[in-house]
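Novice: Before anything else, here's the structure in question.
Values in this text are rule-based calculations from the coordinates and carry no lab data. Predicted model, so just to flag it, every value in this text is computed and none were measured. Note that we place each Cβ from the backbone using ideal geometry, even for glycine, and neighbour counts take in every protein chain shown.
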Amino acid sequence: MNLPVAVALFRLGLVVYLAGAAAALLAWRRPRAARLAAFGAPVLGGLVQLAASAAALSRASAAVWTLPWGTALFPWTVRLDPLSSYFNLALAFLTVAVSLYSLDYLRDMEENWNLGALGFFYNLLLLSLTLVFTAANAFFFLIAWEVMALAAFCLVAFEHQKEEARSAGVLFLIMSHAGTGMLLAAFLMLATAAGNLNFASFHRLASRLSPVEQGVVFLLFFLGFGVKAGVVPLHIWLPDAHPVAPSNISALMSGIVIKTGIYGMARVFFDFYGAPPLWAGTLVLAAGVVTALVGVLYALMEHDLKRLLAYHSIENIGIILIGFGAALLFRALGHANLAALALVAGLYHTLNHAMFKGLLFLGAGSVLHSTGTRNMEQMGGLIRRMPATALFFLIGAVAISGLPPLNGFVSEWLTYQALLAGFGTTESLTRLVFPIAGSLLALTAALAAACFVKAFAIPFLALPRSDAARSAEEAPLAMQAAMGILAAACIALGLGASWFVKVFDPITEQALGIRISASLQAGRGFALSAGAPHSGTVSTAGIALFLVSLGAAAAYLVSRFARSQRRSTGPVWDCGLPGLTAENEYTATAFSKPLRMIFSVLYRPRREIQAEYEVSPYYPKAIRFESEIEPTFEKHVYGPLKDWILGVAKRMRAIQAGSVHAYLAYIFVTLILLLLFEVRG
């Protein structure tokens, strides 16, 4: 497929999203028609954009054109290059799955929800996301960025009758606009140096600025994009927004909306900069390590299934930043091949996270749709009532835990290889950064695996803990199909990793001037290598074949010897009690208590125990136990900051006295100061 065809398909995809938004508004009084039009159109639009992005990636070149809605001074220019095509590919694939899921997920909500408004903002979000990834100048990028933020705000706060949805939406909007302000300042600094707003003029521009200007621009971009990505400590909006949004929207936000921050960093770090300062890579790497570790630690304490998944989004953003930080360090030190390896690891994990986190949020949505609760303590035994959902959720849990042979393992393995190579190829104290980051990443991975043992076992295994769990029903067919698509992607991106790495060649060539896939392939394409002479290799396909063979052998032995053995059936041993009940099960609180004690310095836990007695304090009738952890960042960072801002605003209120004479005096003083500044200039 040639590039003009890819451009035509891209334009068609935009038109389909616009048509879906318009159809949602036109059919807002007819919920069924609104649901089918608003979420059926993006299935087609996503497929069209998927084809366009794949075609653009295969051609490894860029197409640039201008949309007709801009002006001569501020054109709306679109650029479909390898980096933007890759992110648009992830968006398109997730769009197809989430939109298909929504067709059945929203069926029971037609009477109580305005599906026309929901569909309009959903299509508007998809359109703005597509343009964020492909905008070719700062003006158009910021327009698309703001439309994306407003559409996401409307979707987060869609159930506005709930206080938690309203407060989460407002927090998201405040943080988004704070980040946008920093991006605006950074773009203005680059535009002043370049003389225009085109991204093409920013290519390697930042490296030609003074060291102070380089540092300021880098920090503004990192913090501005870090807000959207959920980098600690800028993450506080994310665990509030994801749980309250509809589950199909949560999947899209976690899978791709937060990746706009990652895309922005990739564009700035590897396009606007040449070799960055050494401290810049160290900063990104350290921020990634802290973000990953803090995210998984807070996820371990959560009993709200969607909030737990939200914290794991923070964790995985940290893993991506570890790859980006290592790539920046290698680039600054002149190791182009290792920089490409680390960049591939970060970008691969970006796509992988979109797939398995989208799958997990859709699985959580199916559980919420069937049980009506996000509290894991009220679930249990769902594997019997919802076997397909349990299977798909398990695949996502294995993938996000970084276990072979699924996709999460591949990108984390590449990240480990890059960090291990860094210790042997760098000098001075810089080399110590890599093993420290690698060891903390290993701790993060172990904690993530423990967390998803809880996330799967508590809701799906053992006995139901509530009537809602006992009466749960399997998700409808479209919802199962959508989860199946993402589960298949997790498997394919894991087993086919050694072939998929070819996709990154045009991106690494664009960013670093080298193609790396040939050095990442070993064993005639059946194994993955780290690209260094003494590095490790792994074959996910071989691991999968071994696991299947081992399982088949075990099944054969069990079936053969079971025929000759007498079977007896009896109750499970329960310490002599009459029978096991839901009260005898392990709870999410009990599961996480050892880690809560180990990391008590961070959690600062508080617990309260209340007992009711009948006759004597030795014979309690009931015991009530409550435990919670301290919201460290909200209490010690954002709480004092909010109080300071409100205090300053209260003191400045005296300036706005309502006197016309005072306002005229302000204007007069301002004019005098401007004239003095002009004369001195």
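Novice: Exceeding 32 Å between C-alpha atoms, which entries from my cross-link table qualify? They are K306/K621; K357/K593; K357/K621; K306/K635. Don't skip to the answer; put the middle values down first.
Specialist: Numbers: K306/K621 34 Å; K357/K593 25 Å; K357/K621 43 Å; K306/K635 22 Å.
Beyond 32 Å: K306/K621; K357/K621.
Novice: Using each residue's phi in the stretch 267-277, evaluate 6.51 cos²θ - 1.76 cosθ + 1.60 at θ = phi - 60° and report the 3J(HN,Hα) Karplus result to the nearest Hz, with x for Gly and Pro.
Specialist: Those phi angles translate into 5, 6, 5, 10, 10, 6, 9, x, 6, x, x Hz.
Novice: Something else about it: For the chain, what is the mean residue ellipticity at 222 nm derived from helices alone (per DSSP H run of n ≥ 4: -39500 (n - 2.57); sum divided by total residues; nearest 500 deg cm²/dmol)?
Specialist: Dividing the helical sum by the residues of the chain leaves -22500 deg cm²/dmol.
Novice: Let me ask something additional. Could you tell me the calculated FRET efficiency between A185 and R107, based on Cβ-Cβ distance and R0 = 51 angstrom, to the nearest 0.05?
Specialist: E between A185 and R107, to the nearest 0.05, is 0.65.
Novice: Please give the Cα centre distance for the stretch 118-159 versus the stretch 345-392, rounded to the nearest Å.
Specialist: 26 Å
Novice: Largest first and to the nearest Å, give the Cα extent of the chain along each principal axis.
Specialist: Extents along the principal axes: 99, 71, 60 Å.
Novice: For the stretch 23-97, count the residues as N, evaluate 2.2 N^0.38 Å, and divide the Cα radius of gyration by that value, please.
Specialist: Details: Rg = 15.8 Å, N = 75, 2.2 N^0.38 = 11.3 Å.
For the stretch 23-97, the normalised Cα radius of gyration comes out at 1.39.
Novice: Compute the length gained on full extension between D643 and L477: take 0.36 nm times their separation in residues and subtract their Cα-Cα distance, giving the result in nm to one decimal.
Specialist: Stretched fully, the D643-L477 segment lengthens by 54.7 nm.
Novice: Residue-wise, which Karplus ³J(HN,Hα) couplings in Hz belong to the stretch 161-168, taking 6.51 cos²θ - 1.76 cosθ + 1.60, θ = phi - 60°, and x for glycine or proline?
Specialist: For the stretch 161-168, the Karplus curve yields 6, 9, 4, 5, 5, 5, 5, 5 Hz.
Novice: For the stretch 500-508, take each phi angle, set θ = phi - 60°, evaluate the Karplus expression 6.51 cos²θ - 1.76 cosθ + 1.60, and give the result in whole Hz per residue in order, putting x for glycine and proline.
Specialist: 5, 4, 4, 4, 7, 4, x, 6, 5
Novice: For a Förster distance of 25 Å, can you work out the FRET efficiency between the beta-carbons of L550 and L394, rounded to the nearest 0.05? Intermediate values should be presented prior to the final figure.
Specialist: Working: r = 18 Å, r/R0 = 0.72.
It comes out at approximately 0.90.
Novice: Given an 8 Å cut-off on Cα distances and at least 6 residues of separation, report the relative contact order of the chain as a percent.
Specialist: Contact order relative to length: 11 percent.
Novice: Here is a further query. Around P387, with a cut-off of 12 angstrom between Cβ atoms, what is the net charge of the other residues, counting Lys and Arg +1 and Asp and Glu -1?
Specialist: For residues surrounding P387, the net value is 0.
Novice: What are the residues whose amide H is under 5 Å from the amide H of A462, where those residues sit 5 or more places off or on another chain and H is modelled from the backbone?
Specialist: Answer set, sorted by chain and number: G381.
Novice: Would you list W76, W279 from fewest to most Cβ contacts within 10 Å?
Specialist: The fewest-first ordering by Cβ neighbours comes to W279, W76.
Novice: Going by C-beta contacts inside 10 Å, put M652, M148 in order with the fewest on the left. Can you show the working numbers first?
Specialist: Working: M652 9, M148 23.
Taking fewest neighbouring Cβ atoms as first place, the list is M652, M148.
Novice: Can you check what the net charge comes to around G119, using other residues whose Cβ is under 15 Å from the Cβ of G119 (Lys, Arg +1; Asp, Glu -1)?
Specialist: It works out to a net charge of +3.
Novice: Moving to a separate point now. Please arrange F677, F218 by counting, for each residue, the other beta carbons lying within 10 Å of its beta carbon, fewest first.
Specialist: Going from sparsest to densest Cβ surroundings: F677, F218.
Novice: For the stretch 505-554 and the stretch 187-213, compute the distance between their C-alpha centroids and round to whole Å.
Specialist: 38 Å
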